[in-house]
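The values are calculated or read from the model by the stated rules, or taken from the named source; none is laboratory data. All of these numbers come straight from a predicted model, not from anything done at the bench. Neighbour counts are summed over all protein chains in view; Cβ atoms, including those assigned to glycine, are modelled from backbone coordinates with ideal geometry. Each accessible area value is taken on the protein alone, full model and side chains, heavy atoms only, with ligands, DNA and RNA left out. Shrake-Rupley method; radii C 1.70, N 1.55, O 1.52, S 1.80 Å.
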Amino acid sequence: MSERPFMQLYVSDFVGDTLQLSTEQIGAYMLMLMAMWNAGGRLPDDDAKLARITRLSQKRWRAISADLLTFFEREAGEIGHKRLTKELHKAQVKSEARAAAGARGGAATALKTKAHGAANAGALPRHSPDSRNQSEKASAFSPAGNKTAPVLSEKKPGWQRPKTHTDAANTIIEEIRSHDRSRTAAGDEGACRDVLMLPAIRPD
């Protein structure tokens, strides 16, 4: 496969230069140019090979080749084409420039990626945010591990830590009843109903 994926064709110049050629000759001429492009700018000056390139019999090739070969330069058993050689050289220069630019860009990207990876490796946190938060939450519920948790030393007068669920329920109900008594004293007809709305914590 050719390393040059496309061949520049100046349509106006081509049409103007081939006005004297027949349709068959124009087709043969184009096939020769394309084969020459893929071959690097030269073709063998050999009737049998040129007939195969143009997909003609040798007899037919010899019949039309005189007009076609005027477009080519013949030297040392090969034929070349001045305009095609010029375009081929331009294409090669562009291809080499793109390859060099790509190599430089690839090297710069690789260097940047390597430097970035090294920087990230040196800056990795000792603990991820999730694991740190989980550790802090765990220590908050651990009496032995929580050395910085605030101690609630101040208690309301008369307050005692409930020892059972029943004690806790009775304490809540008593507070509600005390509140209801205050509402009853104030003439609130809806008082004394709050405890009835909490059967789940009603003492046995």
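Figures for the structure shown
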read-out	value
Test: residue in the stretch 44-55 that is more than 30 Å from residue 10 (Cβ to Cβ) and at pLDDT 90 or above	yes
Total residues in the stretch 19-57, condition among the polar types (S, T, N, Q) and under 19 Å from residue 86 (Cα atoms)	1
Yes/no for residue 30 being touching a strand residue (DSSP E or B) at 6+ places or on another chain (Cβ under 6 Å), of a type in the set (A, V, I, L, M), part of a helix (DSSP H, G or I) and surrounded by 14 or more Cβ atoms within 10 Å (Cβ to Cβ)	no
Residue within the stretch 72-85 that is among the aromatic types (Phe, Trp, Tyr) and in a helix (DSSP H, G or I) present	no
Sole exception among (1) open to solvent by less than 90 Å² (accessible area, probe 1.4 Å); (2) over 30 Å from residue 97 (Cβ atoms); (3) in a helix (DSSP H, G or I) for residue 59, by number	(1)
Boolean, residue 19 is free of Cβ contacts under 8 Å to residues at least 24 places away in the same chain and assigned to a loop (DSSP other than H, G, I, E, B)	yes
Residue match in the stretch 44-53 (condition: open to solvent by 70 Å² or more (accessible area, probe 1.4 Å) and either of a type outside the set (D, E, K, R) or part of a loop (DSSP other than H, G, I, E, B) (or both))	no
Selected residue [modelled with pLDDT under 95, hydrophobic (A, V, I, L, M, F, W, C) and over 28 Å from residue 97 (Cβ atoms)] from 76, 39	76
